[in-house]
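First comes the structure, then the notes that go with it.
The values are calculated or read from the model by the stated rules, or taken from the named source; none is laboratory data. The structure displayed is predicted, hence computed values, not measured ones. Neighbour counts are summed over all protein chains in view; Cβ atoms, including those assigned to glycine, are modelled from backbone coordinates with ideal geometry. Surface accessibility is based on the protein's heavy atoms, side chains included, excluding ligands, DNA and RNA. Shrake-Rupley method; radii C 1.70, N 1.55, O 1.52, S 1.80 Å.
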Amino acid sequence: SLITGRSRIIGLVVAYLNNQFYPQAVEKISKALQAEGYHVLIFMASNAEENLDRVLDEILDYQVDGIIAASVALSSDFAARCTQEGVPVVLFNRTQDDDRLSAVTSDNFAGGVKAAEFLMAGGHARIAHIAGWDGASTQRDRESGFMHALQQGGHSLFARVDGRFDEETTRKAARALFDRPDYPDAVFVANDHMAFLAMDVIRHELGLRVPDDVSVVGFDDVPLAAWASYDLTTVRQPANAMVAHTVTTLLDQIEDNEAAPKRVSIDGPLVIRGSARIPEGLTRS
């Protein structure tokens, strides 16, 4: 380190691990960096700006060679400080309006489009949305694509509730959405974790059938989505490709501090299972 001026340490920041997508991604990122001879320090943070900046200050104290921020947004002040100190930053599964930051995501807008087109093709008339946290670019882009496709297909959104990517908030949102005589006949949920919670409320609290009464579509395709108890139709985030691009982008910027930041968006397929009515002409994935 004294000779090269590098610590061979990467700071990996995550806001929460309840969503199964992130533990899986953290493991893949860690293994990929270790294969390149880097050590990984994992830091937990929240999306509250004061907490996040304090955690990121601690990261810089370790003289890290680079930072990967998963599911968190960075303040403009911290981004400027990283730029001044020559510490490259890559956002994983999140974007923000700062040209100094590289970002790698799935194509969330296209995923929202696929969810809407699938539900419309299934003949649903009362299509609802359980949204995540509006401060997350993933939520905004998924909902934007979903709404765009509904409008293009001549549909309007039947109902919208906020789950905020939070367990209890999602349960309350699902109860408000389905514990009524005119409940939706289909719902697009902003991620799989919330979709599982909504399905538990729909089936076990309210006695409705999935997909006979309600079709449910999620987003992520975490391992639990394939379990028979959920059998969730969902938009897959291509985690392996996202991790590979994240690591490559970060290492390129470590090797060349003049390298321009990159924005990478990777398309993922709709995985058709049994939680939603399957349109004519389509089959299970």
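Here is how the numbers come out for the structure above:
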quantity: Qualifying positions in segment 95-121 - touching a Leu at 6+ places or on another chain (Cβ under 9 Å) and assigned to a loop (DSSP other than H, G, I, E, B); calculated: 95, 96, 98, 101
quantity: Tally, over segment 214-233, of residues that are over 16 Å from the mean Cα position of the chain (by Cα) and at positive phi; calculated: 1
quantity: Among (1) in a strand (DSSP E or B); (2) surrounded by fewer than 17 Cβ atoms within 10 Å (Cβ to Cβ); (3) touching a residue at least 60 places away in the same chain (Cβ under 8 Å) - the single one residue 42 does not satisfy; calculated: (3)
quantity: Members of segment 218-277 that are among the charged types (D, E, K, R) and open to solvent by 10 Å² or more (accessible area, probe 1.4 Å); calculated: 221, 231, 236, 252, 255, 256, 258, 262, 263, 267, 273, 277
quantity: Residues that are of a type in the set (Gly, Ala, Ser), outside any helix (DSSP H, G or I) and touching a helix residue (DSSP H, G or I) at 6+ places or on another chain (Cβ under 9 Å), drawn from segment 122-163; calculated: 128, 131, 132, 153, 154, 156, 159, 163
quantity: Sole exception among (1) under 17 Å from residue 105 (Cα atoms); (2) assigned to a loop (DSSP other than H, G, I, E, B) for residue 184, by number; calculated: (1)
quantity: Selection within segment 164-173 - part of a helix (DSSP H, G or I) and free of Cβ contacts under 8 Å to residues at least 40 places away in the same chain; calculated: 168, 169, 171, 172
quantity: Conditions (1) open to solvent by 60 Å² or more (accessible area, probe 1.4 Å); (2) at pLDDT 95 or above; (3) in a loop (DSSP other than H, G, I, E, B); number of the one not met by residue 208; calculated: (1)
quantity: Unmet requirement for residue 176, which otherwise passes all of (1) among the aliphatic types (A, V, I, L, M); (2) within 17 Å of residue 69 (Cβ to Cβ); (3) assigned to a helix (DSSP H, G or I); calculated: (2)
quantity: Options 174, 115, 73; residue that is of a type outside the set (Ser, Thr, Tyr), within 30 Å of residue 283 (Cα to Cα), within 16 Å of the chain's Cα centre (by Cα) and open to solvent by less than 60 Å² (accessible area, probe 1.4 Å); calculated: 115
quantity: Pair list, Cβ under 6 Å, 6 or more apart: segment 10-28 residue in contact (Cβ under 8 Å) with a residue 60 or more places away in the chain, other residue in a strand (DSSP E or B) and open to solvent by 10 Å² or more (accessible area, probe 1.4 Å); calculated: 10/40
